[in-house]
1. Somewhere in the stretch 14-35, is a residue among the β-branched types (V, I, T), within 22 Å of V91 (Cα to Cα) and at pLDDT below 95?
2. Please find, within the stretch 55-109, the residue that is modelled with the lowest pLDDT out of those that are of a type in the set (S, T, N, Q), over 21 Å from K43 (Cβ atoms) and in a helix (DSSP H, G or I).
3. Are there any pairs with C-beta distances below 6 angstrom linking a residue in the stretch 24-41 that is on the phi > 0 side of the Ramachandran plot to a residue that is of a type in the set (S, T, Y), with the two at least 6 apart or on different chains, and if so which?
Amino acid sequence: MNYTSAARHYQQVNVQSSVVDASPHRLVQMLFEGALQRIAEAKGAMMRSDIALKGDKVSKAIKIVQGLQGSLNDNEGGELTANLDQLYDYVVRKLIEANRNDDPNSLDECGRLLAEIKTAWDGIADTGV
């Protein structure tokens with residue numbers, strides 16, 4: 001096993017153990033972090049004209065945002081859930097548009113929106129439930 005392969009394997013094991021040990025609150029934080037990371041990577045790939053990598057990173061960011069959207073509780077969230085659902089839908093559409101049009105500004109907008117939601121989520125106390 002070469003160094004790069006070993007490092008990737010360690011990182012994968014580390015992420016898996018972090019997920020297993022994480023509270024639901026922390027899992028949502030990790031999803032936000034993952035989405036923001038993929039958006040940043042997509043922008044970097046876009047700026048380097050790496051079309052395949054850009055598409056891969058945007059696709060992964062979309063899947064994460066859709067996961068956040070799917071985790072919303074329609075029965076208990078009320079207006080907040082409805083607003084977040086619409087916002088996540090908007091972010092997904094903007095990510096698709098950014099990918100199609102090579103638009104780094106749309107990626108930045110998506111990153112800002114998700115960062116704002118993450119900041120609010122980070123301010124909520126983790127009850128460990």
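1. Among the residues of the stretch 14-35, at least one is among the β-branched types (V, I, T), within 22 Å of V91 (Cα to Cα) and at pLDDT below 95, which makes the answer yes.
2. N75
3. Cβ pairs passing all conditions: none.
The values are calculated or read from the model by the stated rules, or taken from the named source; none is laboratory data. What you are looking at is a predicted structure, and each value in this text was computed from that prediction instead of being measured. We place every Cβ from the backbone using ideal geometry, glycine too, and count neighbours over all the protein chains shown.
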